[in-house]
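Report on one structure; see the data block that follows.
The values are calculated or read from the model by the stated rules, or taken from the named source; none is laboratory data. What you are looking at is a predicted structure, and each value in this text was computed from that prediction instead of being measured. Neighbour counts are summed over all protein chains in view; Cβ atoms, including those assigned to glycine, are modelled from backbone coordinates with ideal geometry.
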């Protein structure tokens with residue numbers, strides 16, 4: 001098997017790692033948008049997290065990665081196969097730039113149609129990513145109609161196909177991770193808003209960190225399996241932390257005082273819509289669960305506010321200040337010292 | 001051994017690890033000779049495949065062989081080029097014209113080392129040779145270039161220093177290369193890692209531990225071509241060293257001829273400085289910036305897009321990005337089934353022939369680029385420039401929704417300058433606009449000429465162009481001394497009209513006189529008199545014209 005760079009061996013990039021863990025704890029938070037330069041370990045981190053998570057149980061032979069005891073919408077041939085539950089790694093789909101709609105949504109199985117005249121649906125990448133991760137590099141360069149489609153499916157958790165005489169629907173719940181560089185074109189605000197969290201990643205500025213990155217990568221390339229073994233304990237700790245937080249999250253209490261703070265923060269920043277407040281609350285709860293706490297505190301809120309709100313602020317053409325300092329300022333003003 | 005030879009041997013030593021090479025060279029005997037050297041460096045029988053221009057995905061990644069499938073009556077698959085080249089080399093000619101989709105596919109396979117197939121993953125580990133024949137603005141897609149360790153310009157080859165018989169080993173090479181990458185501002189962590197790999201390969205080739213000579217080679221082949229700034233004088237590299245943890249092996253207790261980290265870094269920086277003639281960095285930085293954006297431009301060159309909204313079907317052949325509309329194809333084939341069945345009674349399934357194929361027609365909304373040509377001369381310049389800047393930002397904020405691009409050219413003193421290459425990034429536009437200079441003469445002709453050049457380049461990418469010229473029309477600097485500046489400007493304006501560039505002429509003089517009208521007529525431009533142009537009015541005029 002091909003070794004995957006361990007999650008806990010990633011140097012720095014704490015905000016990105018935290019955002020990914022928060023999203024892994026509560027899937028309803030929605031996707032994560034990662035802004036940043038090329039070669040800063042974005043896809044490495046996402047891939048590492050996917051390989052870290054415990055395997056899922058699927059029905060053998062199911063082409064839609066359905067749960068072993070699935071109910072709800074299921075396409076006609078989903079139950080084909082033995083139907084016995086089997087273990088499968090968490091899916092990770094890397095959507096290439098320039099992917100066609102056919103590839104993403106799925107299309108008529110051309111081979112079968114031509115050879116046997118059978119009308120059968122060939123599931124696309126959306127079906128493949130069900131219950132896993134869908135990673136889109138340079139999401140800002142993706143065709144608009146594809147971005148719309150992906151975000152819609154990500155929000156509804158279901159892929160509805162109406163094309164080429166096919167009419168079916170299948171579940172497609174996945175964590176959408178987008179990455180992009182704002183210098184190469186911006187994403188429309190309505191689309192940005194659909195992402196739950198956003199983080200800015202930068203190349204580490206301290207030379208010592210950069211040397212450490214190169215050193216670890218070099219060791220990984222020379223001896224992948226040995227390197228992975230070195231970090232297996234740390235990775236296992238991360239898995240345990242996420243699993244525990246998942247169990248604990250629904251019971252974490254959000255006091256009214258914290259909810260009010262969240263509303264006032266969103267109001268002060270002029271973040272559009274209620275989605276910001278909702279995400280803020282969910283992310284704070286997930287963070288509290290990750291930290292082993294039973295109650296959300298203002299400190300949790302302040303910690304997740306930048307990643308939950310950064311991309312929802314209306315860009316002021318004449319204001320040079322970036323979003324992150326604006327959020328920090330608002331927190332300093334509103335939060336009790 | 002020259003760097004060119006060394007590069008070829010390094011690629012043969014670790015093809016997949018290094019990713020490949022960006023070879024900047026025109027087609028010709030020198031390039032052919034290098035490719036020959038590369039082929040010789042690999043063991044005989046290694047696949048060395050040339051990727052045809054405009055290769056379809058089925059050929060690249062493998063897929064259904066449609067023609068064979070139809071004649072055989074059962075699905076037949078063909079392996080893709082990438083799988084066939086496993087363990088070898090893929091040569092990509094005219095890489096600067098590589099469509100963004102193909103570049104993205106290649107980058108993905110380079111990262112994964114395998115191609116998804118019908119029966120799981122098929123290995124595809126190869127070195128990519130991008131033959132970059134780009135001039136001026138053209139360059140290879142950035143996503144791909146950064147994944148290929150070696151960057152080599154065959155026109156600017158340096159003879160490598162003759163190696164001393166036993167070059168001093170350099171155990172601190174990893175730290176040193178990171179520090180040099182930092183000092184040169186060279187492409188983040190990926191570049192540093194690639195430099196480390198090249199140094200290791202080079203050492204393995206020579207059968208020794210990594211030495212000074214290997215570090216120097218890594219700097220020449222990997223880091224220096226990616227440099228975005230000149231390393232500071234020799235004193236500088238010591239500063240970052242303080243932050244670095246002292247590498248255990250590199251301290252003074254080693255043999256006397258073993259360089260310390262400082263000495264090694266200094267040496268590497270010297271190598272880099274020798275390779276970077278003054279002025280080259282500015283050119284490279286511009287290229288890098290454009291390369292970032294050109295990933296999408298290449299895709300838009302096509303007249304009939306391969307992606308977009310569906311708009312009916314037409315009969316046609318597959319290939320070149322054409323997409324089959326299956327239902328329509330089957331409909332076209334349906335009436336002929338009884339006849340064809342008589343010819344081939346044994347066949348099962350639907351009998352489809354090439355002329356039944358129906359191709360989807362796709363449309364993509366034409367995207368537009370607005371080029372502002374702003375008179376930055378004389379006393380009124382500052383106010384005028386300020387308003388133009390405001391208009392550019394307003395239009396950009398608007399292009400959030402419309403996905404339009406904006407560019408800005410300013411002319412003053414002796415010539416014109418593209419201050420903002422076409423972009424729809426607010427962040428980048430703001431940075432470029434921040435300090436816009438003003439004052440001096442009015443080289444109107446030079447400004448129009450620059451606009452025409454940029455306009456034609458943008459049109460070539462399949463975008464529609466609107467040029468907006470803001471000036472009082474009083475040219476006083478000609479392109480060549482001795483010419484009448486006004487006549488010169490009108491000639492440049494006529495050229496724009498003949499090139500078919502749509503333009504708007506905004507006359508900003510307090511009391512408009514005849515010059516503006518004459519010039520606008522020469523350009524075939526719409527004339528708008530806005531003596532006190534303000535950003536809002538400007539944006540409104542442009543939106544109405546576009």
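Table for the structure above
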| item | result |
| --- | --- |
| Sole residue being away from chain B (no Cβ under 14 Å), in a helix (DSSP H, G or I), surrounded by fewer than 18 Cβ atoms within 10 Å (Cβ to Cβ) and on the phi < 0 side of the Ramachandran plot, chosen from A:258, A:239 | A:239 |
| Some residue of the range A:178-191 being more than 30 Å from residue A:313 (Cβ to Cβ), touching a helix residue (DSSP H, G or I) at 6+ places or on another chain (Cβ under 7 Å), surrounded by 22 or more Cβ atoms within 10 Å (Cβ to Cβ) and modelled with pLDDT of 80 or more | no |
| Condition check for residue B:99: modelled with pLDDT of 75 or more, over 25 Å from residue B:8 (Cβ atoms) and touching a helix residue (DSSP H, G or I) at 6+ places or on another chain (Cβ under 6 Å) | yes |
| Subset of the range A:11-44 [part of a helix (DSSP H, G or I) and buried (at least 22 other Cβ atoms within 10 Å of the Cβ)] | A:16, A:19, A:20, A:22, A:23, A:24, A:25, A:29, A:42 |
| Residues located in the range B:83-111, provided they are within 11 Å of another protein chain (Cβ to nearest Cβ) and assigned to a helix (DSSP H, G or I) | B:100, B:101, B:102, B:103, B:104, B:105, B:106, B:107, B:108, B:109, B:111 |
| Residue within the range A:157-175 that is farther than 15 Å from residue A:105 by Cα and outside the structural domain of residue A:278 (by TED's automatic domain parsing) present | yes |
| Residue identified as within 25 Å of the chain's Cα centre (by Cα), surrounded by 14 or more Cβ atoms within 10 Å (Cβ to Cβ), at positive phi and at pLDDT below 75 among B:321, B:299 | B:321 |
| Qualifying residue in the range B:332-344 (condition: modelled with pLDDT of 65 or more and touching a helix residue (DSSP H, G or I) at 6+ places or on another chain (Cβ under 7 Å)) | yes |
| All positions within the range B:216-236 that are more than 14 Å from every other protein chain (Cβ to nearest Cβ) and either part of a helix (DSSP H, G or I) or at pLDDT 85 or above (or both) | B:216, B:217, B:219, B:220, B:221, B:224, B:225 |
| Count - residues of the range B:343-355 that are touching a strand residue (DSSP E or B) at 6+ places or on another chain (Cβ under 9 Å) and either part of a loop (DSSP other than H, G, I, E, B) or within 11 Å of chain A (Cβ to nearest Cβ) (or both) | 0 |
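A quick yes/no check of all residues on (1) at pLDDT below 85; (2) in the same structural domain as residue A:139 (by TED's automatic domain parsing):
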position	(1), (2)
A:23	no, yes
A:30	yes, yes
A:45	no, yes
A:65	yes, no
A:75	yes, no
A:83	yes, no
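Each row is one residue, and each column tells you yes or no for (1) surrounded by 16 or more Cβ atoms within 10 Å (Cβ to Cβ); (2) closer than 21 Å to residue B:392 by Cβ; (3) touching a strand residue (DSSP E or B) at 6+ places or on another chain (Cβ under 8 Å).
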| site | (1), (2), (3) |
| --- | --- |
| B:425 | yes, yes, no |
| B:442 | yes, yes, yes |
| B:450 | yes, yes, yes |
| B:485 | yes, no, no |
